[in-house]
Amino acid sequence: MPDLAEINEPISELFHKPKTKADWDQYRLSREQIEFFHENGFIAGIKLLDEKQIEALKRALDEVMDPQHPLHHLFHEFHSNESGDPNKVLFHSLGHWRIAEAFHDVIWNPAFRMVASQLLGDRAVRFWHDQLFCKPAHHGGNVAWHQDY
């Protein structure tokens, strides 16, 4: 199995590949949504993933959470339970996009790309790194409030 970081384009059909301006326009935020974001610091109610994509990402999560995964060495970081408490699980990883097709291709999701571009002032968006936190319902650990760069 290859390191998916070596592939610089989508490798599945999970996300639509816009070819025309009209294809991209379906993902565009309204001027009101952008103004709301700049005033309030968030936007709610934007559909970024459909059910099929969510299911593919859930299957990929099951795959990458396996500490015995044959490509485990490609993770930049892997913690099966970062909380340290077996009753409060907090899975955390960086590099899963190098291992699972769904996580690899989600960075090309046109809905993500359009929204990010618009909120950054219509600039090109470039992937920096991935980070995944997974907390099981009702007994997951927590990530303390913090400020990233």
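The values are calculated or read from the model by the stated rules, or taken from the named source; none is laboratory data. Fair warning: this is a prediction, and the values are worked out from it, not measured in the lab. Positions of Cβ are generated from backbone atoms using ideal geometry, with glycine treated the same way; all protein chains shown enter the neighbour counts.
With the condition kept exactly as written, say whether any residue in the stretch 116-134 is outside any strand (DSSP E or B), under 18 Å from the mean Cα position of the chain (by Cα), surrounded by 17 or more Cβ atoms within 10 Å (Cβ to Cβ) and among the charged types (D, E, K, R).
no
Take S117 and decide whether it is without any contact (Cβ under 8 Å) to a residue 12 or more places away in the chain and of a type in the set (S, T, Y).
Here the answer is yes, as S117 does meet what is asked.
Out of (1) in contact with a Cys (Cβ under 8 Å, 6 or more places away or on another chain); (2) not in a helix (DSSP H, G or I); (3) not β-branched (V, I, T), what's the single condition that is false for L61?
The one condition L61 does not meet is (2).
Look at I11 and say whether it is in contact with a His (Cβ under 7 Å, 6 or more places away or on another chain), under 20 Å from D105 (Cα atoms) and modelled with pLDDT under 95.
When the stated conditions are applied, I11 passes them.
In the stretch 45-87, which residue that is acidic (D, E) and surrounded by 14 or more Cβ atoms within 10 Å (Cβ to Cβ) is farthest from I99 (Cα to Cα)?
E82
Of A137, A111, A144, which residue is under 30 Å from R28 (Cα atoms) and among the hydrophobic types (A, V, I, L, M, F, W, C)?
After applying the criteria, what remains is A111.
What's the total number of residues in the stretch 26-43 that are touching a residue at least 60 places away in the same chain (Cβ under 8 Å) and among the charged types (D, E, K, R)?
The total comes to 1.
Residues are listed down the side, and each one gets a yes or a no for (1) touching a Ser or Thr at 6+ places or on another chain (Cβ under 9 Å); (2) part of a helix (DSSP H, G or I); (3) touching a residue at least 24 places away in the same chain (Cβ under 8 Å):
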| site | (1), (2), (3) |
| --- | --- |
| W24 | no, yes, yes |
| G45 | no, no, no |
| Q53 | no, yes, yes |
| S83 | no, no, yes |
| N87 | no, no, yes |
| F103 | no, yes, yes |
| W108 | no, no, yes |
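Hey, could you check the stretch 1-18 for residues that are free of Cβ contacts under 8 Å to residues at least 12 places away in the same chain and part of a loop (DSSP other than H, G, I, E, B) and say which is nearest to H129 (Cα to Cα)?
In this case the residue turns out to be N8.
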